[in-house]
Amino acid sequence: MQLREITISDAKPFLQLQLQLDKEASYMLYEPGERTTTVREQRKAIADIQQSPSSTIFVAEHNKKLIGYLSVFGSRLQRICHVGYITIGILEEYCNQGIGRKLLEQADHFAQSVQLHRLELTVIEENGRALHLYQKCGYEQEGVRRRAIRHGDKWLNEIYMGKLL
């Protein structure tokens, strides 16, 4: 397994990874079939991220297949340019293998290299596996948005977590 920064040539496999995560990861934001991004749009999004000094995407690759990712989105706004927002997704068959921890460590190194002083993320309250990982990696719960997500006929709470660097 290899961790590396995304490249423009990863646009199609990265989109395929996201579409697969939409199908199998019930705690991710998109429902299956809801994502309408094209490969061309994905290339543009990657190029835009590469132009941002405080944003990046790390991909986890196994046997030349993308199996997970972590994105850090920074802001150009002065008042929040020290903050990076994290999203992470790993294919189910590769979970519980330390990939999430390694991706989060990679995010810490990146954040420090570009002078981000805070990383933050959200997680569905019922996602115990992810909550445990984030806490183990130094994230602390900072708030709860009650009934923030609707999954079918069920309401889910969203937890805000942050980590100061």
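The values are calculated or read from the model by the stated rules, or taken from the named source; none is laboratory data. Because the structure is a prediction, the values reported are computed rather than measured. Methodologically, a virtual Cβ is constructed for each residue, glycine included, from the backbone with ideal geometry; neighbour enumeration extends over all protein chains shown. Accessible surface is based on the protein model in full, side chains and every heavy atom, while ligands, DNA and RNA are left aside. Shrake-Rupley method; radii C 1.70, N 1.55, O 1.52, S 1.80 Å.
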Ignoring ligands, DNA and RNA, please state the percent of accessible area on the chain from carbon and sulfur, probe 1.4 Å. 48 percent
Based solely on C-alpha atoms, express the radius of gyration and the Dmax of region 29-72 in angstrom. 12.2, 32
What figure, in Å² to the nearest 10, do you get for the accessible area of MET1 with a 1.4 Å probe and non-protein molecules left out? 100 Å²
Based solely on its DSSP helices, what 222 nm [θ] is calculated for the chain when runs of n ≥ 4 H residues each add -39,500 (n - 2.57) and the sum is averaged over all residues, nearest 500 deg cm²/dmol? -9500 deg cm²/dmol
Restricting everything to alpha-carbon atoms, can you work out Rg to Rh for region 1-83 with a Kirkwood hydrodynamic radius? 0.99
So how strong a dipole does the chain carry about its Cα centre when Lys and Arg Cβ are +1 and Asp and Glu Cβ are -1, to the nearest 20 debye? 280 debye
Taking the alpha-carbon distance from LYS65 and a cut-off under 28 Å, which lysines remain once sequence neighbours fewer than 8 residues away in the same chain are dropped? LYS12, LYS23, LYS44, LYS102, LYS136
Checked the chain with the C-alpha gyration tensor, a ≥ b ≥ c its square-rooted eigenvalues, rounded below a/c of 1.5, otherwise prolate if a/b is larger than b/c and oblate if not; verdict rounded
Considering the options GLN42, LEU165, SER26, tell which one lies farthest towards the positive end of the dipole of the chain, charges being +1 on Lys and Arg and -1 on Asp and Glu at the Cβ, about the Cα centre. GLN42
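What is the extension gain from GLN16 to LEU165, computed as 0.36 nm multiplied by their sequence separation minus the C-alpha to C-alpha distance, in nm to one decimal?
Full-extension gain reported as 50.4 nm.
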What length, rounded to one decimal in nm, is gained on full extension from GLN115 through to GLN51, with 0.36 nm per residue of separation minus their alpha-carbon distance? 21.4 nm
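Rg to Rh ratio, region 71-165, alpha-carbon atoms and Kirkwood radius?
Taking Rh as the inverse mean 1/r over Cα pairs, Rg/Rh reads 0.99.
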Please compute the contact order of the chain in relative form: average sequence separation of alpha-carbon pairs under 8 Å and at least six residues apart, divided by the residue count, as a percent. 18 percent
What residues of region 116-136 lie in the reach of a label at VAL144, counting those whose backbone N is under 19 Å from a point 7 Å from the Cα along Cα→Cβ? 121-136
